[in-house]
Structure formats: C-alpha cells, structure tokens
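Asks: First, the structure itself, so that you have it in front of you.
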Amino acid sequence: MLKWVGIGLMIGACSAIGLSMGQDLKKRVTQLQELRRMTGMLQGEIQYAKSPLAEAFRHVAGRIREPFSDFLRHTAEDMEEFSGESFSEIFSRNAEEDLKGSGLLREDMEQLRGFGEHLGYLDQEMQLRTIDLYRTQLMETCETASEEFKNKEKVYRYLGVCMGLFLAILFV
Amino acid sequence: MKGKDELIKIFSIRLRGILQRMDVDLEQLQEIRLRVDKPLMIAYGGREYFVAESGRISLDEASGYVVDKKELLETMEYIANYSLYAFEDELRQGFITIQGGHRVGVAGKIVMDGDKIKSVKYISFINVRLSHQIKGCAGEVLPYVIQGEEVCHTLIISPPRCGKTTLLRDMIRQLSNGTDYFPGITVGVVDERSEIGGAYLGVPQNDLGIRTDVLDCCPKAEGMMMLVRSMSPRIIAVDEIGDYGDIHAIETVLHCGCKLLATVHGSSIEDVKKKPLLQKLVLERIFERYVILHNHNQVGKVKAIFDARGTALYEGRGTGC
C-alpha cells in the first residue's frame, strides 16, 4: 500500500514540476507585457507632462502591478536621496533587488539595465526615442516568449507526467 | 530661506562637505559659483570670497578649492534630479529653478537649431543664486504704494542682485494677507521662472499670502491674460518685465481694472525710459509709483519712491531686504 502511495506522490511531484516550468514561461510573458505597459506610461509622463524621472516613476508606480510598482517607487526614493550614486547605478540596483524572482530572465534584466543607462541625460526627443527603442525590443522579446510558451508549455507538462511514470516503472 | 541642508543637497558629495563646513549666515549668502578647474567662490554680503577645502572663506584665490569636471557634472545631475530633458525649456533660457526658489544659472557649449538656441551641453559653469524670503521687508514701502483702498500700479526698478524679487514677494504677501491699515485682496502671480513663489510640484515654497493664486512657469504675457479670465485678481504681480508680449499684456491688464506690481532691471526712471518698449508706459504715466532700489551697504535698500510725475515721495533712509 505504502509503495503505491509513494508511486502516486512521485508521479504527482513530477507532473507538478512540469506544470510549474510551463507556468514560469507564462509568468515571463505576463511580466514582459507589464514592463511594456510601464514603459508606455513613462513615455506619456515624459512626453506630455515633461515630468522629471522621479516624479514620473512615482505616478506610474501607482498604476502598475507589483513588483514593478515597488521597483519604480524605490528607485524614485533613492533618486531623491542624492547619495552620490549615478542614475544607472540606482536603477540597476533596484532592478536587481525588486525584480528578483519576478519571472524575468537574465537577458531581460540585462536589457532593462541597458535601458536605465540611457535615461535622464538626453533631450526629450532622444529620451522618447530611447523608450521607443526599448519598447520595440520588449515587443519582440514578448513575442518570442509567447511563442516559447505555446510550444513548450505542453511539452513540459507531458514531460513531467512521463518522467513520473518512467520513474514509477523504474522503481516498481 | 529654508534650511542649509535642502540647498546643499544639490551639490556633489565632496562639495557638500565643504559647504557644510562653511561658517556663514545663509541670509547674507547670495551666490555659489562653480567653474570647471577654477576655485569655488561665493558672493557673500555683497563681496566675493574663495572657499577653501576646510570651508574657510577668504579673499586669497590660492586657498580656494578647485572644482573639477566630475564634481560639476554630479552637481548638475542632482540639480536636474537626473532628468535634464525635463528642463529643456529652462536650459534654453540659461537657468533652472530648484526647490526653494533658488535659481541655478548654467553656461557651456550652446547647441543651435537654425538661429535659435536648442540646448546647452558640456555645462562647465554653474551659478546658484539663492532666493531670500524676508518677511516684513516691504513694510516701509507699502504706505507709499497703497492709496486709500486702492493699490497703485507699481514698478520696482533695481540693478541685478539688489533684492527686487524679495521686495516684490513681501509686497505680494502683505497685500494678500492684509495689514493693519489695508484689508487683504486677491493677488494673481505669474511666476515665469518660479523665482517669486519658488514652487515645487506646483506648490509655492515661499509664503505669498492667503489670497494669492500662482501660475508657475507660465510666460508672463499669456499668464496675465489667463489670470484675468480665470481667477479675477485685484492685483497682478510679475517679475522682470521687458519684452513686447509683456507690454502688450500689461496694457490689456490695465484696462481690466487690475492693479499691477512689476519689476524691471535698471537703476533709475531714466534707465527705464531708455528701454523702447517700457518708455511708452512711463511717458503715459501708467505706473503710479516707482520704487528704486540700490545696492550700497545693504542688499535691497530703497533709494527712492517716485509718483507717476516723477515727484519724490520718499528718499534716502532705506529699507533693507
């Protein structure tokens, strides 16, 4: 009896791992979409209200989901400290701290940090172009991630179940 | 002026330390000047001093702490709150107004777009001009500006750095709040450079009185018309009038029944008459009072007050602002 319970648990655990890996892919797509929404709002703040970054970050933070809202709020707070760090250092540090475990991959984080390096200094036109470029990159990344989700989500699920069955057979 | 810390925050970490150690009366501090590879200087009590790394001020150039490019750029980042793009329009005019109403003048390489200035890059010179709020400094001037229940159209004439904005600010505050002999009235302020109110996120940091409405960062000509249409002010106050649009808007404001408080650069009524656009207003006796400031021993000392005909109503003793 105990043996069958163990086998059942093993199949269940493997299936859950497969399911979770599929969910991670979905989470990444959702987060990339939210990130794109966030940059769209920032673009509006800069283009129409001409808000400085800290002010724009605070406004947008109130309209987006966590963890991006925390990320923007903390970045705005640190910017107002004038602690000697450059903007890109503040941006990068907060991205690292607040977006850890958000579902974004290392390459997505690299892209976000690169975006942060070009914010702040330039004239408004260049600023908007920088955001536009990042949004285009995000759209492409998002499409690739969606495609990956569609293709791999079922594979992970089946693989999880199959792995559980395989191990069950092996142990029986 | 609000705290030293608020002001010092805009400087680079190293400069912050030096300025923090500097033992001066902030009310007497007029300017802090940063130039790449040149000594740190201040204008203090009407004189120029060099600031040493220890914070000691002296007239000895060699003792001055030499500011490097990195420190200047770091300071610029803090002044613009890491968002230079948001101050494009201000930079085109050569200055940014920061929290507290202080004006930061910048110079460097000018980028042209056709025959117009597009922006400033390689900023290598910064001049922080401190805004001073001295409550009560208009006390001696007001009896000459108020006639019965009305306020006279008044022009404050003063050379730069002599306290005309400080005087205007206190006149606004007292007229808005009311005094022992004058009930408060609605004042509309068009604060094109955020110097009068020193507004931060739309809220004036300087006390402009309880019946004052402020249009911040608004061109004077458009702002005066907007206030007349929307806020029904009894007095409109503006700083540094001079261009064609301003004069045209002033004429309109005068015909709407509003009284005008304005300032202009100069040292006498004759100086103002030499400015082609303002000459007409003087000759037509539009302004009923001229308050002339000079800068002898004390910033903001009133040299004289004249009426529209040029008759002196007050001369000499002076009010320090």
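Asks: Picking from A:GLU153, A:GLU107, A:GLU147, which residue would you name as being under 22 Å from A:MET21 (Cα atoms), of a type in the set (D, E, K, R) and crowded, with 17+ Cβ neighbours inside 10 Å?
Replies: Checking each option against the conditions leaves just A:GLU153.
Asks: To continue, here is another question. Which one of B:TYR82, B:TYR78 is more than 22 Å from the chain's Cα centre (by Cα), surrounded by 15 or more Cβ atoms within 10 Å (Cβ to Cβ), closer than 19 Å to B:TYR200 by Cα and within 14 Å of chain A (Cβ to nearest Cβ)?
Replies: B:TYR82
Asks: Report, by residue number, each residue of the range A:97-114 that is charged (D, E, K, R) and either in contact with a Pro (Cβ under 9 Å, 6 or more places away or on another chain) or more than 22 Å from B:ASN81 (Cβ to Cβ) (or both).
Replies: A:ASP98, A:LYS100, A:ARG106, A:GLU107, A:ASP108, A:GLU110
Asks: Please go through the range B:228-247 and pick out each residue that is more than 21 Å from B:LEU208 (Cα to Cα), charged (D, E, K, R) and in contact with a strand residue (DSSP E or B) (Cβ under 8 Å, 6 or more places away or on another chain).
Replies: B:ASP246
Results for (1) surrounded by 18 or more Cβ atoms within 10 Å (Cβ to Cβ); (2) over 22 Å from B:SER131 (Cα atoms); (3) of a type in the set (Phe, Trp, Tyr), shown as yes or no for each residue.
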position	(1), (2), (3)
B:GLU6	no, no, no
B:PHE11	yes, no, yes
B:LEU15	yes, no, no
B:MET22	yes, no, no
B:GLN28	no, no, no
B:ARG33	yes, no, no
B:VAL36	yes, yes, no
B:ILE42	yes, no, no
B:ARG47	no, no, no
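Asks: Looking at (1) within 14 Å of the chain's Cα centre (by Cα); (2) assigned to a helix (DSSP H, G or I); (3) more than 14 Å from chain B (Cβ to nearest Cβ), can you tell me which one A:GLY103 breaks?
Replies: So the condition that A:GLY103 fails would be (2).
Asks: Output the residues belonging to the range B:222-251 that are surrounded by 15 or more Cβ atoms within 10 Å (Cβ to Cβ) and either over 22 Å from B:HIS265 (Cβ atoms) or among the aromatic types (Phe, Trp, Tyr) (or both).
Replies: B:MET225, B:MET226, B:LEU227, B:VAL228, B:MET231, B:PRO233, B:ARG234
For every residue, the table says whether it meets (1) assigned by TED's automatic domain parsing to the domain that holds B:HIS265; (2) surrounded by 22 or more Cβ atoms within 10 Å (Cβ to Cβ).
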| position | (1), (2) |
| --- | --- |
| B:ILE98 | no, yes |
| B:VAL104 | no, yes |
| B:SER119 | no, no |
| B:LEU167 | yes, yes |
| B:THR186 | yes, no |
| B:ILE196 | yes, yes |
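Asks: Based on this model, can you work out whether A:THR75 counts as more than 14 Å from chain B (Cβ to nearest Cβ), among the polar types (S, T, N, Q) and in a helix (DSSP H, G or I)?
Replies: No: the conditions fail for A:THR75.
Asks: In the range A:110-131, what residues are facing chain B (nearest Cβ under 8 Å) and either touching a Lys or Arg at 6+ places or on another chain (Cβ under 9 Å) or assigned to a helix (DSSP H, G or I) (or both)?
Replies: Within the range A:110-131, A:LEU122, A:ASP123, A:GLN124, A:MET126, A:GLN127 meet the criteria.
Asks: Here is a further query. Go through the range B:85-99 and report how many residues are facing chain A (nearest Cβ under 7 Å) and touching a residue at least 12 places away in the same chain (Cβ under 8 Å).
Replies: Here the count works out to 1.
Table: residues versus (1) among the β-branched types (Val, Ile, Thr); (2) under 30 Å from A:TYR158 (Cβ atoms); (3) touching a Ser or Thr at 6+ places or on another chain (Cβ under 9 Å).
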position: A:VAL29; (1), (2), (3): yes, yes, yes
position: A:MET41; (1), (2), (3): no, no, no
position: A:GLN47; (1), (2), (3): no, no, no
position: A:PRO52; (1), (2), (3): no, no, yes
position: A:ALA56; (1), (2), (3): no, no, yes
position: A:THR75; (1), (2), (3): yes, no, no
position: A:PHE87; (1), (2), (3): no, no, yes
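The values are calculated or read from the model by the stated rules, or taken from the named source; none is laboratory data. Since this is a predicted model, take the numbers as computed values, not measurements. Reconstructed Cβ throughout: ideal geometry from the backbone, glycine too, with neighbour counts over all protein chains shown.
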